[in-house]
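Asks: My questions all concern the structure below.
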Amino acid sequence: MKKAFVTLDQVKKIAEKYPTPFYIYDEKGIRENARRVYQAFSWNKGFKEYFAVKATPNPSILKILKEEGCGTDCSSETELMMSDACGFSGHEIMFSSNDTPDKEYQLAAKLGAIINLDDFTDIARIEPLLGSFPETMCLRYNPGGYFKIANTIMDNPQDAKYGMTTDQIIEGYKILKQKGVKHFGMHAFLASNTVTNEYYPELAKELFELAVEIKIQCGISLDFINLSGGVGIPYKPDQEPNDILAIGEGVHRAFDEILVPAGLSDVRIFTEMGRFMLAPYGALVTKVIHFKHIYKEYAGVDACAVNLMRPAMYGAYHHITVLGKEDEPNDHTYDVTGSLCENNDKFAIDRTLPELALGDYLFIHDTGAHGFAMGYNYNGKLWSAELLLREDGSVKLIRRAETPKDYFATLDIDDTMKKYL
Ligand SMILES: *Cc1c(COP(=O)(O)O)cnc(C)c1O
């Protein structure tokens, strides 16, 4: 069963100071999980997790992960700026973008980040743009076809816009070598939110075999292989969670079978996880403010899809705990809705929950990654606050809630909005 990392009493106290809706993150959970990731890959000299900033772009979170040894994975100018400001430098930053504007490559190069090229045509852009190639370059691979594990289709890279074909990437390494690049990496992200211990090991096998082929065809030994993100979490309570230690061991076996005999035992393994690092350790907390009985039973809350888009966008399941009613029977059925003028603004559909009352606090689980980050301002709704539950039990505001003044601030019009600014 999924358990909230805050109690009703804690939330009542927090809400006196920071009204709902808000996001709250669990520092202890984040740190313990990050340590398990490092333990899982401790067999690999030089392993590094580059946290995907897009999942939870908050400096307080990034600094915690930095203390645990992580770097950052960025794909935009502001993500690079945030990483820089948090003290990440040089190869602690990976820049994995696509459809990339010139100035973002320039900033990445200025910070000394590892640049991961998404497309073959990007190779020709680097010299004119940066003067010369950085000593270290990474290329992103897309094998096409379907990504399968034991005949089960996990995802379909052939329809994904990312990466280079096999022929392109081999040609790419030849060009880079000829241009004087000294250190080479390879990157691939072939399936998302995988809830199986086999994803990384299967991906690793495919990439390790290609690394051997690259050695033969291009005469280069890769320095690192970046398995990127895609390690999932069990959003539903009956799903079996990934065992990161088993995943690390699976990659280790593939490493010993394929890379070591090929003389590639110095390859460093990188990961770029977002969801696995943060999702379970963040929650959206919202209050029941309205009931409606028509053809269905609706419970309206003070958060809406702008605060958490995944259910509306993907039909994603997020488990809900009614704080203080953890031991009551789930004998009522509700659609839990927000207030947008969009009928997909529902955090849950036909969800069985304990009987709800006005003022109940709902803890929406597993929203620590791709939650707050995917927010928007539709219907003039504002971004919520983000809070950090420290290891000592205290609560720190790590992003204040947006105000109407913030919302109007970017408008460039005479004095129309002046009375609200
Ligand atoms: C989104 C993304 C990630 C993180 O993905 P998760 O599913 O959150 O692990 C890593 N690398 C790249 C390039 C991404 O775009």
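Asks: Once label points are set 7 Å from the Cα along Cα→Cβ at both N377 and K292, what is their separation, rounded to one decimal in nm?
Replies: Here the answer is 2.6 nm between the modelled labels.
Asks: Would you mind computing, in nm to one decimal, how far apart the modelled labels at E206 and Q158 are, each placed 7 Å from Cα along Cα→Cβ?
Replies: Spacing of the two 7 Å Cα→Cβ label points: 1.3 nm.
Asks: Between the stretch 138-207 and the stretch 311-354, how many Å separate their Cα centres?
Replies: About 37 Å separates the Cα centre of the stretch 138-207 from the one of the stretch 311-354.
Asks: Can I ask one more? Cα centroid distance between the stretch 65-92 and the stretch 264-294, in Å?
Replies: Between the Cα centre of the stretch 65-92 and that of the stretch 264-294, the gap is 19 Å.
Asks: If you place +1 on the Cβ of every Lys and Arg and -1 on the Cβ of every Asp and Glu, how big does the dipole about the Cα centre of the stretch 168-297 come out, in debye to the nearest 20?
Replies: 660
Asks: Right, another one. Counting only other residues whose beta carbon sits under 13 Å from that of D266, what net charge do I get with K and R as +1, D and E as -1?
Replies: Spelling it out: positives minus negatives among the neighbours equals +2.
Asks: Which trypsin sites (Lys or Arg not before Pro) in the stretch 1-72 pass both tests, a DSSP loop state and at most 11 other beta-carbon atoms within 10 Å?
Replies: K3, K45
Asks: Is the shape of the stretch 31-190 rounded, prolate or oblate, going by the alpha carbon gyration tensor and its root eigenvalues a ≥ b ≥ c, with a/c under 1.5 for rounded and a/b larger than b/c for prolate?
Replies: On the way: a/c = 1.66, a/b = 1.11, b/c = 1.50.
Cα axes put the stretch 31-190 in the oblate bin.
Asks: Size of the dipole of the chain about the Cα centre, Lys and Arg at +1 and Asp and Glu at -1 on the beta carbon, nothing else charged, in debye to 20?
Replies: 700
Asks: Further, regarding this structure: Calculate, in nm to one decimal, what H91 and E32 gain on full extension: separation in residues at 0.36 nm each, minus their alpha carbon distance.
Replies: 18.8 nm
Asks: Net charge within 13 Å of M186 by Cβ-Cβ distance, Lys/Arg positive one each and Asp/Glu negative one each, not counting M186 itself?
Replies: Residues close to M186 contribute a combined charge of -3.
Asks: Keeping all protein chains in position, work out how much accessible area H319 exposes to a 1.4 Å probe, and write it in Å² to the nearest 10.
Replies: 20
Asks: Given a Förster radius of 41 Å and the C-beta distance between T121 and Y420 as r, what FRET efficiency does 1/(1 + (r/R0)^6) yield to the nearest 0.05?
Replies: 0.30
Asks: Taking the chain as the reference, fit the longest principal axis to its C-alpha atoms, fit the long axis of helix 166-178 to the helix C-alpha atoms, and give the angle between the two in degrees, 0 to 90, nearest 10.
Replies: In the chain, helix 166-178 runs at an angle near 60 degrees to the longest axis.
Asks: Sticking with this structure for a sec: Taking the Cα centre of the chain as the origin and placing charges on Cβ (Lys, Arg +1; Asp, Glu -1), which of L353, C341, L388 is farthest toward the positive end of the dipole?
Replies: Farthest towards the positive end: L388.
Asks: Just how large is the dipole of the stretch 163-221 about the Cα centre, in debye to the nearest 20, putting +1 at every Lys and Arg Cβ and -1 at every Asp and Glu Cβ?
Replies: Value, rounded to 20: 440 debye.
Asks: Could I ask something else about it? From the residues A204, T72, P234, which one has its Cα farthest along the dipole of the chain in the positive direction, the dipole being from +1 and -1 charges on Cβ of Lys/Arg and Asp/Glu about the Cα centre?
Replies: Comparing the listed Cα positions along the dipole, T72 ranks first.
Asks: Moving on. Among the lysines, select those whose C-alpha is under 24 Å from the C-alpha of K236, and discard any that sit fewer than 8 residues away in the same chain.
Replies: K2, K3, K28, K54, K148, K287, K296, K325, K346
Asks: Here's a follow-up. Calculated from DSSP H runs of 4 or more alone, at -39500 (n - 2.57) each and per residue, what is the 222 nm mean residue ellipticity of the chain, nearest 500?
Replies: -8500 deg cm²/dmol
Asks: What residue among G145, G250, Q10 has its Cα farthest toward the positive end of the dipole of the chain, where the charges are +1 on Lys, Arg and -1 on Asp, Glu, each on the Cβ?
Replies: The one lying farthest along the dipole's positive direction is Q10.
Asks: Here's another thing I want to ask about it. Using every Cα-Cα pair within the stretch 354-421, state what percent have a distance larger than 14 Å.
Replies: Values: 1681 of 2278 pairs.
So the pairs more than 14 Å apart make up 74 percent of the total in the stretch 354-421.
Asks: If you take every residue apart from Y146 with its C-beta less than 14 Å away from the C-beta of Y146, what net charge results, scoring Lys and Arg +1 and Asp and Glu -1?
Replies: Residues close to Y146 contribute a combined charge of -3.
Asks: Efficiency by 1/(1 + (r/R0)^6): what FRET value for K148 and T333, r their Cβ-Cβ distance, R0 = 41 Å, to the nearest 0.05?
Replies: Efficiency, rounded to the nearest 0.05: 0.65.
Asks: Something else now. Pull out the extension gain between E391 and I216, defined as 0.36 nm times the separation in residues minus the alpha carbon to alpha carbon distance; nm, one decimal.
Replies: Once the chain is fully extended between E391 and I216, it gains 58.0 nm.
Asks: Calculated FRET efficiency, C341 and A409, Cβ-Cβ r, R0 22 Å, to nearest 0.05?
Replies: 0.35
Asks: Also: For the chain, take the longest principal axis of its alpha carbons; what is the angle in degrees between that and the long axis of helix 8-17, to the nearest 10 within 0 to 90?
Replies: 90
The values are calculated or read from the model by the stated rules, or taken from the named source; none is laboratory data. Because the structure is predicted, anything quoted here is derived from the model rather than measured. FYI the Cβ positions are ideal-geometry reconstructions off the backbone, even for glycines, and counts take in every protein chain you see. These area figures cover heavy atoms from the full protein model, side chains too; ligands, DNA and RNA do not enter into them. Shrake-Rupley method; radii C 1.70, N 1.55, O 1.52, S 1.80 Å.
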